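Structure first, then comments.
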Amino acid sequence: MHRLLKRQLKKLGLDAERVPDQEQWQRFLSLVDEAYAQSDQDRYTLERSLSISSEEMQALYQRLKSSSEARMSAIAKAFPDMIFFQDEEGRYLDVLTSRPEELYVPPEKIIGRTMEDIFDEPLLGLFRKLLADALNSGRLQQIEYQMPNGKGELRMYEARMVPMEFRDEGKRSLLTVVRDVTDIRREETRGHLVAKAVSAAREGIVILDEKKHIVSANPAVESICQVAVTEILGKGLSVLCGAETQLLEDAAWRILDTQGRWHGEVQICRVDGTPVSLWLNVDRVNPESDMPPHYVILLNDITELHASRQELERLATHDYLTGLPNRILFQDRLEQALARTQRSTCSGALFFMDLDRFKIINDSLGHQVGDRLLQAVANRLSAHIRPADTLARMGGDEFTLIVEDLRRPEDIVQLLEKLQEAFRRPFRVGQHELRTTASIGVSIFPRDGRTTDELIKNADTAMYAAKESGRDQYRFFTERLTLSAYSYFDTEQGLHKALAGDEFYLVYQPQYELSSGQLVGVEALLRWHRPGQGLISPSTFIPMAEMAGLIAPLGAWVREAVCKQIVAWQEAGVLPPKVAINLSSRELVKPGLNASVASLLARYRVSAELIEFEITESVIIERGDVAYQNLFGLTEMGIELAIDDFGTGHSSLVNLKRFPLASLKIDRSFVRDLLVDENDEAIVRATIVLARSFGMKTVAEGVENHQQLAFLREAGCDRVQGFVCGKPMSAAGIARLLEKAAAAGSGE
Ligand code: C2E
Ligand code: MG
Ligand code: MG
């Protein structure tokens, strides 16, 4: 390089040996450029100032230019954009592009041509205006337009045109950067469409971040969950539902985190408390590969669908006329009930009811009246059953009833009685007062059938037997049950009469102390002498009296009879023994028992020490409940309490400790097998030790022989009661025993 030039370059801060940076080139280029552009005079001045010849200047310019071009084309190649240089008349000076094949016209056909040579209207007009605007404003101008690329595909372009300081042959020049924005615009359009669709969707769409906080929710969420979107952003999903509900259970999250998606139905309460059924689709998504997972939840309100599905289900399984379960549902329930009883020790019963005389009513008064009668019957029967029972209409005038959890046949008889009772009052249908009864057949399961068909058939057979025997009757499939049911019924009726009449009396069984052999008390036992039938066992009639609600008057009768007897003994000059009275657990739970006992004792002036109550261990006494208050009141009065039939119920030690019990009566069943069954011996011994540790006396019941007596004495039992010492006897018998004992005592 020319020495002088080097010097001049240095003056300008340029180092000709090294490749100058962009800015330095720019400065120099524009200097040279300016010189060329202005006038010959200027160029000359520059040549002079740089002390170089015209040729050298020319060469330098070319070199700089080509070096700059190389740089420019390198830049252009690095970018996807196309760069056009034009002069102010629209003539193309240069084109830079890394993909010339994309150009509408090949580069060599562009350079040196004007826009008119290349384009037609309307593009030509568009570009012309762009150029004019850029030149006039001196600022960057931008347009977007469509035109085919080199392959003939219609593409979308964005052009930015800016006038440059650089002049070409004295003309102003412009730079245009053109970018293919087809894909971007498509993506944007798609984005807009998606956003529009999301906000117009009837499905609720909620997006959660990795911390499961809501980052976005569409307007549908507002209407489904009745919340404002602005108020839920940044919060957990629970803001969408009421306090007690949770939109997604932990189990669902676990599935999501392992499998990436979950769907299912959830029932929630909205924040305002209304219930709503939702169908959820939840997906775990990774928005970008380096971003933590997000969750997209689609919520569909299926409350109505749910309701209509339920309604459909109801229609399919219920009788349109009465609203009761129909044959299909009945069959299903019977199957389930049968399966349950096969697993447990309880029985169930199937009642098959057919209305008597229904056909006559239907034929004479018309179907409408018949229908309304069936509805009335359904309503009345429904009122007599428990919620767990299934009353169904099989069709016509046939109804069925499934009852589970039966422990005793008596329960069925009571229910039968109730069902028959339901037909006693006439049914009012419009202006008619209609009377109808039902013939009822009963099969007990699992005994009367192992399949539903068998059970239905047997109940049906029993129903026909009931019809044949004169309507308004019931029959069990097993004949024996029908008989015992009738006798139960009969006994119950008899009890009512017995209380009013004079059929009850008391007997007394003596209790002896083992150590002294003395008579220390008696147990009052109730007897019923039924006219024409003889003596009936208390084990038969006491449970019936309990069920028939007669135990309270019966118990009161016993207590009063005992008091009268004590007074009678006293008046006869006999020192009365302590009398143990059995107390039913049903009496114990009635408030005011203790008060009525107190007033009874006061009325007869009987000392509380002469009375003992025997309660069964099945009464679980909880502090604060009625039984507790009653027992507490009784012990306060000085009345002693004994646990009867110990070992047959489910007594817990806690229960025993809770109350001041004076004695514990070992049940007859354990005493019976003493010396036969080692287990029973161990139980009796343990019971005696246990009672003693609680400060209670033991009384062995049902002692029938001397071996038992000897064992009990050796084991440390306090008292005995049983046939070996004395059977239950009349009050006079007890008086004789007492007198004999007194005489023996005084004789000693
Ligand atoms: P319980 O209270 O356990 O009465 C004892 C029962 O055992 C009595 O039967 C008695 O006759 C019988 N017994 C006594 N010694 C022997 C014996 O050595 N061998 C045998 N095999 N049995 C013996 P009973 O009188 O038939 O009374 C049965 C149950 O009826 C009583 O059992 C009691 O739970 C209940 N009961 C009796 N009277 C009344 C009453 O006035 N009120 C209440 N609520 N229940 C009563
Ligand atoms: Mg007893
Ligand atoms: Mg007993």
Query raised in the report: In region 693-707, which residues are surrounded by fewer than 22 Cβ atoms within 10 Å (Cβ to Cβ) and either farther than 21 Å from E617 by Cα or within 14 Å of ligand 3 (Cβ to nearest atom) (or both)?
Result: G702, E704, N705, H706, Q707
Report task. Filter region 671-692 down to residues that are open to solvent by 40 Å² or more (accessible area, probe 1.4 Å) and farther than 19 Å from S515 by Cβ, then give me how many there are. Result -> 12
Requested in this report: Kindly indicate whether E313 is more than 30 Å from E417 (Cα to Cα), in the same structural domain as C241 (by TED's automatic domain parsing) and either assigned to a helix (DSSP H, G or I) or open to solvent by 90 Å² or more (accessible area, probe 1.4 Å) (or both).
Outcome: no
**Report entry** Per-region count, region 389-410, residues of a type in the set (D, E, K, R) and open to solvent by less than 80 Å² (accessible area, probe 1.4 Å)
**Finding:** 6
Report task. Take the residues in region 636-665 that are closer than 13 Å to I615 by Cα, of a type outside the set (D, E, K, R) and modelled with pLDDT of 85 or more, then tell me which one is farthest from ligand 3 (Cβ to nearest atom). Result -> I639
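Of all residues in region 674-686, which are among the β-branched types (V, I, T) and either part of a loop (DSSP other than H, G, I, E, B) or within 16 Å of ligand 2 (Cβ to nearest atom) (or both)?
The one that is among the β-branched types (V, I, T) and either part of a loop (DSSP other than H, G, I, E, B) or within 16 Å of ligand 2 (Cβ to nearest atom) (or both): V676.
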Query raised in the report: Of the residues that sit in region 510-532 and are over 20 Å from G702 (Cβ atoms) and free of Cβ contacts under 8 Å to residues at least 24 places away in the same chain, which one is farthest from ligand 3 (Cβ to nearest atom)?
Result: G532
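Condition check ((1) on the phi < 0 side of the Ramachandran plot; (2) hydrophobic (A, V, I, L, M, F, W, C); (3) more than 16 Å from ligand 3 (Cβ to nearest atom)) across all residues:
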| position | (1), (2), (3) |
| --- | --- |
| V562 | yes, yes, yes |
| Q565 | yes, no, yes |
| E571 | yes, no, yes |
| P576 | yes, no, yes |
| I581 | yes, yes, no |
| S584 | yes, no, no |
| V589 | yes, yes, yes |
| L593 | yes, yes, yes |
| S596 | yes, no, yes |
Requested in this report: Working only within region 357-375, note down all residues that are more than 12 Å from G396 (Cα to Cα) and open to solvent by less than 60 Å² (accessible area, probe 1.4 Å).
Outcome: I361, G366, V369
Query raised in the report: Do we have L419 as at pLDDT 90 or above, part of a helix (DSSP H, G or I), aliphatic (A, V, I, L, M) and out of contact with any Pro (no Cβ under 6 Å at 6 or more places or on another chain) here?
Result: yes
Query raised in the report: Within region 72-115, can you find the residues that are among the β-branched types (V, I, T) and open to solvent by 50 Å² or more (accessible area, probe 1.4 Å)?
Result: I75, I111
Query raised in the report: Where in region 502-594 are the strands (runs of 3 or more DSSP E), entirely inside, with at least 1 residues that are open to solvent by 40 Å² or more (accessible area, probe 1.4 Å), at pLDDT below 95 and assigned by TED's automatic domain parsing to the domain that holds V606?
Result: 519-530, 534-536
Query - Residue count for region 692-720, restricted to those that are hydrophobic (A, V, I, L, M, F, W, C) and either outside the structural domain of A642 (by TED's automatic domain parsing) or more than 16 Å from ligand 2 (Cβ to nearest atom) (or both) - result: 7
Query raised in the report: Restricted to region 726-738, and to residues that are surrounded by fewer than 18 Cβ atoms within 10 Å (Cβ to Cβ) and part of a loop (DSSP other than H, G, I, E, B), which residue is farthest from ligand 1 (Cβ to nearest atom)?
Result: S730
Report task. With respect to I232, determine if the residue is of a type outside the set (S, T, N, Q) and under 16 Å from D272 (Cβ atoms). Result -> yes
Requested in this report: Please state which of the following conditions R386 fails to meet, knowing it meets all the rest: (1) farther than 26 Å from G470 by Cβ; (2) buried (at least 18 other Cβ atoms within 10 Å of the Cβ).
Outcome: (2)
**Report entry** One residue from Q493, Q473 being within 30 Å of G532 (Cα to Cα), open to solvent by 10 Å² or more (accessible area, probe 1.4 Å), of a type outside the set (V, I, T) and more than 46 Å from the chain's Cα centre (by Cα)
**Finding:** Q493
Query raised in the report: Any residue in region 450-464 that is part of a loop (DSSP other than H, G, I, E, B) and either buried (at least 20 other Cβ atoms within 10 Å of the Cβ) or more than 16 Å from ligand 1 (Cβ to nearest atom) (or both)?
Result: yes
**Report entry** Residues located in region 246-264, provided they are among the basic types (K, R) and either at pLDDT below 80 or assigned to a helix (DSSP H, G or I) (or both)
**Finding:** R254
Query raised in the report: Among all residue pairs at least 6 apart or on different chains, which show Cβ distances below 6 Å where the first residue, located in region 441-470, is not assigned by TED's automatic domain parsing to the domain that holds A339 and the second is in a strand (DSSP E or B) and at pLDDT below 90?
Result: none
**Report entry** Sole residue being touching a strand residue (DSSP E or B) at 6+ places or on another chain (Cβ under 9 Å), of a type in the set (K, R) and farther than 30 Å from R450 by Cβ, chosen from R333, R380, R393
**Finding:** R380
Query raised in the report: Which of the residues spanning region 411-445 are among the acidic types (D, E) and surrounded by 19 or more Cβ atoms within 10 Å (Cβ to Cβ)?
Result: none
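Determine which member of the set D472, D453, D411 is among the charged types (D, E, K, R) and on the phi > 0 side of the Ramachandran plot.
Of the residues listed, the single one that is among the charged types (D, E, K, R) and on the phi > 0 side of the Ramachandran plot is D472.
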Report summary line: Only one of (1) within 16 Å of ligand 3 (Cβ to nearest atom); (2) without any contact (Cβ under 8 Å) to a residue 60 or more places away in the chain; (3) not charged (D, E, K, R); (4) not in a strand (DSSP E or B) does not apply to L712, and that is (2)
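The values are calculated or read from the model by the stated rules, or taken from the named source; none is laboratory data. The shown structure was predicted, so the numbers you read here are calculated from the model rather than taken from an experiment. With ideal geometry, Cβ positions are generated from the backbone for all residues, glycine too; neighbour counts draw on all protein chains shown. When the accessible area is computed, the model is the full protein with side chains, heavy atoms only, and any ligands, DNA or RNA have been set aside. Shrake-Rupley method; radii C 1.70, N 1.55, O 1.52, S 1.80 Å.
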